[in-house]
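Asks: The structure that follows is given in the form of structure tokens.
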Amino acid sequence: MKRIYPILLACVTLALTSCSNIQLSDYAKNQPTLIPQEFFNGNITARGVVKNRSGKVTRYFTATIKASWQNNIGTLDEKFVFNNGEVQYRTWKLSPSQPTKFTATAGDIVGTGLGQFAGNAINLNYVLTVKYNNSMINLSVDDWMWRVDETTVLNESTLTKFGFKVGSVQLVMEKDR
């Protein structure tokens, strides 16, 4: 029996570690390219859903994004209108730090988000402060965006707390022509 435990432990460890995460390099050759300074410039409309940890849709929203760049700093002014009438605002500041990397800040973001892009994808990681049960909590966000065509980006954000998935957001962004 003592010999079975190490083998069982090795099998479980192998099974858990073989589920690799998505890598940005997986999208490096995909077209059309998604460069923040190009796509996030002008007016964008987004529509999406918020899901709880079990995947049930709990909210719907529409957002308008006014994006511009000045002195190599991107500003994304966002207005979210939820199906219950709630309105939220967020202003992102994007700052390129390397040719394919950038930092991101906003009023409800703890510290600085780190983003990178390759091919048709962007990955942005940050900590978001949200209201929950009449208090504020911090959630880690793994934000993925994929450019589908010249005017469309799909976005999926996974929200975690203490390493456990607590929800997600899916949306589609359409750039005004």
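Asks: Report, in listed order, any pair from Lys66/Lys165; Lys101/Lys175; Lys51/Lys131; Lys56/Lys161 with a Cα-Cα distance greater than 26 Å.
Replies: Details: Lys66/Lys165 30 Å; Lys101/Lys175 22 Å; Lys51/Lys131 15 Å; Lys56/Lys161 18 Å.
The pairs that break the limit, which is 26 Å between Cα atoms, are Lys66/Lys165.
Asks: Report the local net charge at Phe39: Lys and Arg +1, Asp and Glu -1, summed over other residues whose C-beta lies under 10 Å from its C-beta.
Replies: That sum, taken over residues with Cβ under 10 Å, equals 0.
Asks: Roll a 1.4 angstrom probe over the protein heavy atoms and tell me the percent of accessible area of the chain that is carbon or sulfur. Present the calculation step by step, with values, prior to reporting the outcome.
Replies: Working: 6110 of 11100 Å².
C and S fraction of accessible area: 55 percent.
Asks: Considering the options Leu124, Trp144, Gly163, tell which one lies farthest towards the positive end of the dipole of the range 87-177, charges being +1 on Lys and Arg and -1 on Asp and Glu at the Cβ, about the Cα centre.
Replies: Gly163
Asks: Expressed as an acute angle from 0 to 90° and rounded to the nearest 10, what is the orientation of the C-alpha long axis of helix 4-17 relative to the principal long axis of the chain?
Replies: Compared with the principal axis, the helix lies near 10 degrees.
Asks: A further question on this structure: Report the extension gain between Ile35 and Lys131 in nm, rounded to one decimal, defined as 0.36 nm multiplied by the number of residues separating them, less their alpha carbon distance.
Replies: Taking 0.36 nm per residue and subtracting the Cα distance, the gain is 31.4 nm.
The values are calculated or read from the model by the stated rules, or taken from the named source; none is laboratory data. Everything quoted here is computed from the prediction, not taken from an experiment. No Cβ is skipped: glycine too gets one built from the backbone with ideal geometry, and neighbour counts run over all protein chains shown. When the accessible area is computed, the model is the full protein with side chains, heavy atoms only, and any ligands, DNA or RNA have been set aside. Shrake-Rupley method; radii C 1.70, N 1.55, O 1.52, S 1.80 Å.
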